[in-house]
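Presented below is the structure to which this report refers.
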Amino acid sequence: MAIPIMPIEAKKPVSERLVQGIKKFSRFLALEIARDPQALSHLQWYHIEPTIAEIFEGLGFGVTLTPPSKDGGKDVILTFDIAGKSVNYYVEI
């Protein structure tokens, strides 16, 4: 079963279109993993980071995906408000 992915707006700058494309692909991966969790065993770490970011963004977290290297042990930074306080979570893949 194919998962529909909306087209990327051609009028946006290339950098925005690339980010939008990565987000859409990460969403596709997240949905596929939800359907078949064993699929994770076939992915490399650099595939998993944007996928995890997309999953948490879909759950309502603020998400920052750090650069692929020299990230200080933080691959994804999650932000969430709990009882009126902003809390950060650091994810290492």
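The values are calculated or read from the model by the stated rules, or taken from the named source; none is laboratory data. Small disclaimer: the values here were computed from a predicted structure and weren't measured. Cβ coordinates were reconstructed from backbone atoms using ideal geometry, including for glycine residues, and neighbour counts include every protein chain displayed. Quick note on the areas: whole protein, heavy atoms, side chains included, nothing else; ligands and nucleic acids left out. Shrake-Rupley method; radii C 1.70, N 1.55, O 1.52, S 1.80 Å.
Can you compute the modelled spin-label distance between Gln20 and Phe80, with each label point 7 Å from Cα toward Cβ, in nm?
3.0 nm
Counting only heavy atoms of the protein chains, get the accessible area per residue of the chain (1.4 Å probe) and round it to a whole Å² value. Numbers along the way, then the final one.
Details: 6840 Å² over 93 residues.
Value returned for the chain: 74 Å² of accessible area per residue.
Please compute, over every Cα-Cα pair in the chain, the percentage with a separation greater than 18 angstrom.
53 percent
How large is the dipole of the chain about the Cα centre if only Lys and Arg carry +1 and Asp and Glu carry -1, each at its Cβ, rounded to the nearest 20 debye? Show your work: numbers first, answer last.
Numbers: 10 positive and 11 negative charges, 58 e Å.
Here the size comes out at about 280 debye.
Which value in nm describes the separation of the simple spin-label points at Ala34 and Leu59, placed 7 Å from the Cα toward the beta carbon?
About 1.2 nm, to one decimal.
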